[in-house]
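Single-structure report; data block below.
Where a number appears in this text, it was derived from the coordinates with a stated rule and is not lab data. Predicted, not measured: the structure shown is a model, and the values here were computed from it. So basically every Cβ, Gly included, is an ideal-geometry build from the backbone, and we count neighbours across all protein chains shown.
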Amino acid sequence: MKFGIVIFPGSNCDHDIIHVLRNVMHQETIELWHKNPLPKDFTLDDWIILPGGFSYGDYLRAGAIARFSPVMHDVVDFARNGGHVWGICNGFQILCESGLLPGALVRNQNQQFICKNITLKVANDNTSITRGIPKNKILTIPIAHAEGRYIADKKMIDQLLANQQVLFQYCDKNGAINQEANPNGSMHNIAGICNDSRNVFGMMPHPERAAEEALGNSDGRLLLESLLQNALV
Amino acid sequence: MISTDTEPKVNIEIAGKLGLSADEFERIKEILGRVPNYTELSIFSVMWSEHCSYKNSIAWLKKLPRKGHHLLAEAGEENAGLVDIGDGLACAFKIESHNHPSAIEPYQGAATGVGGIHRDIFTMGARPIAALNSLRFGNIRSARTRHLMKGIVKGIGDYGNCLGIPTVAGETYFEDCYEVNPLVNAMSVGIVDKDKVISAISKGQGNPVFIVGSATGKDGIHGATFASEDISDESGEKLPSVQVGDPFQEKLLLEASLEVIDTNALVGMQDMGAAGITCSSSEMSEKGHCGMRIDLDKVPMRQADMKPFEILLSESQERMLVVVEKGKEASVKAVFDKWDLNCTQIGEVTEGNMLQYFMHGELVAEVPADVLVLGGGAPVYHREYIKPSWYAKNKQFSIDSIAEPENLIEVARHLATHPNIASKHWIYYQYDSMVGIKNTLTNHAADAAVVRIPETDKGLVVTVDCNGRYVQASPEYGAMIAVAEAARNIVCSGGKPLAITNCLNFGNPYDPEVYWHFVKTIQGMSRACLKFNTPVTGGNVSFYNQSADGGAVYASPVIGMLGIMSNPEKHLGMAFNQANDLIYLLGSSRNDIASSQYLDSWHQRRDCPAPYFDLDEEFAVQEALTILNEKGLIRSAHDVSDGGLFISLLESAIQGNCGFNIQLDEAIRPDAFLFGESQSRIIVSVDSQMKKLFEQTLKECNIKWSMIGTTGAKLLKIGDQNFGTVSEWAELYNHAIEQAMEE
């Protein structure tokens, strides 16, 4: 199993996730340049990560242009064949734009970019990236985005909740899910979701920014540890 | 040479309109041995503008200490200072102003300021890993201030966030004197392998010259000239002088510029900031003692029918001039192709020292490179300076003329919610402070930002500091304090100061009182930099920060200091993190409230000098702290600065969510003890079991100190008074600016 990190020209969290996977988690990690197709030896055992950043500048709408990039044609096929794809921040936006995940990420309620530590909890512990996280654990993981307010129509939201596709919700320090603890105005405080076949994941918080003791926070590593335990089973 | 019909005829009036004096016009004619055409005159006007030539400051700047064994480039030699940080690495860092553009068009003005300073760093081959900024606004209650602040903060955020360089630290002040003319100073810090540094040089006759990055448009023409005059009602008409930023292009340029170094095909590279092609081609040629021929019509352009002088002076952003070894063009072009950037040959290096600019084969301007640039033929002026009449009188200020406040809690609340002191998170939450996963400040509040150096366990320690009120009151001492505070912040975070970059923001240099502030600032800064062994590696001077009716801004010499933390275990934070620790004050309390925020905004008094400061005492206190930290005897450290002792204690309490109980000092007035800003003081918390060893060590340090109380509970207790809970004070402190912005 290896990880492929897609690099768009405006990706800027690519080096961070590569560092964490290679040097903290000791995983084989390769770079996938946006102009190239997926390499031949990339199999369904491997994982693709779409990192944070501003893919093609994102002047229009975050991820709106990235969905048309050459690599994304392959990523969509890979996911439709059951391959695992995980989008973080801009990656999540791109997955919604490409139709691999439902709903949309629109401008934060306060109309500002927000970068700070937030608290969130696991809503569904039956996926590979959440299964290993201790029950009722409140995770501190930073966000950094201008367009992170998750919205979808009522039918879709009901479906997401019924299918247990909501992975993470913003909560306060005590775990309560309320408007005060909602940094960007997302519906139902949604911070991350998966598709109905549970092989495509998207989240706005940045686990790679909370993966090392040297930075004083390793809550984000729990997701990666969970992924590795479950993927290798 | 014939000037084209469409160009204005050159005479002394036209020269004046371009900001050149009659003397300067005469000198140009002497140098060329003829009357320049309009294109040539435009070239001189930008290159000899204050902004590019430093003509009114360079004589004094040369008196600053600029040498140190750890410096790899002397001030002015490269685009930014270069400091040896060990492990084969160097740190390139610099601060620069973008005040005037931000006053007219806050969003683009601030954004392009950020873009420009990062380009200065990566043009040297260094990857920027941290950004800082220093902002000055008018009263937060004014609609203009809030408008500027929203635009400037968003501009800085949008540019830096897209580029993926974290903003790790900064400072913001609100004073009436900045109402019309805000200050926007941006700093970039980068890392480069010592043997991969790229120089801004052109040499080797026949080597091709490329322009890379964005196409050239009509934006920013005469921007450098605009930055060299006072802000007035007509300044709005200078809007075309403001450039427009494209952070995505800059991100491509950043990655491509760093990648192209590995081709080993570069002779030199220089970013295009002020005065665009003119400045980069002349500075690179002068440095390499050669000439250059440029075909202006080959420059990729955004619009048709650009005139030669417009192409030469355009300050379109996200561009570089690159000189390549002849024969290696293909490998360079391949890198820029990969990143979908223009890379077009526009000329070549020539023999001699002449810059020749052609348009469709016709020579349109011909000027020797060396006469244009700083250190070459650019003018150098010695300006008159006069000590202001109020200075002597203000020194007579006595605390006895100020009534003691009846209610200390009210004063404390006023200070904790004053926008100069309250939490600035309304600002910095809009900046990506964490991208790059090197900034430790997120989970470890400290006086300076500690940024991990890749592939080592060391950290760069960086801060920007300047209290303009102090400098305005007593420039020599105020400047020393700015350097001392920066060093103190670095030491309080576990670092060792190495070097500084400065951004000297002043009013009109032709005003002798403004110039006196400038001269005294240089003298004070020199003394402090020598004491701390932190040479000046470069920076920027911004004059003409004043308005027609408001006068000059406070003298604001912003210090950006670089330090290093060699051992991550010595990383210090400011939070009170344990109950029942002992709280010590290193340094002495004084009956001094001069120039404090308390005196300024509570008593509305400004007729006073800077707070008490003694350079030797300051140095000794910092040395003592370093020794205590080396021995592992302290749990937290936080310096006493704006708002005095109370605010420092409050900040440590809020960060650790832990209260304190301290005693007043009977020899000192309670208001001076709590809110005075006399310098050279640091609060530390100490494990009570370490008391004996701590005090023993301190006694050997030859400084004044006292134990003032203990940490614990969730209350703030001072003397016999209960000031309230940590959480209610945190609420006030954290939300004051947010509330003011919503008004």
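Neighbours of residue B:397, meaning other residues whose beta-carbon lies under 12 angstrom from its beta-carbon, give a summed charge of +1 when Lys and Arg score +1 and Asp and Glu score -1. Only helices enter this figure: runs of n ≥ 4 DSSP H residues, each worth -39500 (n - 2.57), summed and divided by the residues of chain B, yield -10000 deg cm²/dmol at 222 nm to the nearest 500. DSSP bridge analysis restricted to the protein assembly as shown gives an antiparallel fraction near 75%, rounded to the nearest 5.
Here's the picture: charge each Lys and Arg Cβ at +1 and each Asp and Glu Cβ at -1 in the protein assembly as shown, and of B:506, A:178, B:667 the one pushed furthest to the positive end of that dipole is A:178.
Computed extension gain for residue B:548 through residue B:22, at 0.36 nm per residue and net of the alpha carbon distance, reaches 187.0 nm. The convex hull around the C-alpha trace of the range A:3-230, projected and averaged over every direction, spans 11.3 square nanometres. Remark: mean inter-chain Cβ contacts per residue of A:112-121 equal 4, using a 10 Å Cβ-Cβ cutoff to other protein chain atoms. Projecting the Cα atoms of B:291, B:215, B:360 onto the dipole axis of the protein assembly as shown, where Lys and Arg carry +1 and Asp and Glu carry -1 at the beta carbon, places B:215 farthest toward the positive end.
Toward the positive end of the charge dipole of the protein assembly as shown, with +1 on the Cβ of Lys and Arg and -1 on the Cβ of Asp and Glu, the farthest Cα among B:126, B:540, B:702 is that of B:702.
Taking Cα centre as origin and charging only the Cβ of basic (Lys, Arg, +1) and acidic (Asp, Glu, -1) residues, the dipole magnitude of the range B:438-519 rounds to 340 debye. Within the straight-line cut-off of under 17 Å between alpha carbons, the lysines reachable from residue B:387 are B:395, B:520, sequence neighbours fewer than 8 places apart in one chain being disregarded.
Net charge near residue A:98: determine it from the other residues with C-beta under 12 Å of the C-beta of residue A:98, scoring Lys and Arg +1 and Asp and Glu -1. Cβ neighbours under 12 Å give a net charge of -1.
Bridges between two residues of the range A:3-230, per DSSP, are antiparallel at a rate of about 60%.
Calculated translational diffusion coefficient of chain B (37 °C, 0.692 mPa s; Stokes-Einstein with Kirkwood radius over alpha-carbon pairs) equals 124 µm²/s.
Neighbour counting of Cβ atoms within 10 Å sorts the residues B:642, A:16, fewest neighbours leading, into B:642, A:16. In this structure the amide hydrogen of residue A:31, modeled in the peptide plane, comes within under 5 Å of the amide hydrogens of A:5, none closer than 5 places in sequence on its chain. The mean count of C-beta atoms from other chains within 10 Å of the C-beta of residues in B:437-445, rounded to a whole number, is 5. Each of A:223, B:254 was scored by other Cβ atoms within 10 Å of its Cβ. Arranged with the fewest first, they read B:254, A:223. This model, with +1 at the C-beta of Lys and Arg and -1 at the C-beta of Asp and Glu, gives the protein assembly as shown a dipole about its Cα centre of some 1360 debye.
Averaging Cα coordinates gives a centre for the range B:1-68 and one for the range B:721-743; these two points are 53 Å apart. Take each residue of peptide A:17-28, count the partner chain Cβ atoms within 10 Å of its Cβ, and average: the result is 1. Counting only Cβ charges, +1 for Lys and Arg and -1 for Asp and Glu, the dipole size of the range A:1-123 around its Cα centre is about 400 debye. Listed by chain and number, the lysines whose C-alpha is less than 28 Å from the C-alpha of residue A:35, apart from same-chain residues fewer than 8 away, are A:2, B:251, B:328, B:333, B:338. The string of couplings for the range B:570-587 from the Karplus curve (6.51, -1.76, 1.60, θ = phi - 60°) is 9, 5, 10, x, 9, 6, 6, 10, 9, 6, 6, 7, 8, 9, 10, 10, 8, x Hz, one whole number per residue in order, with x for Gly and Pro.
Sorting B:362, B:78, B:50 by the number of Cβ atoms found within 10 Å of their own Cβ, with the fewest placed first, yields B:362, B:50, B:78.
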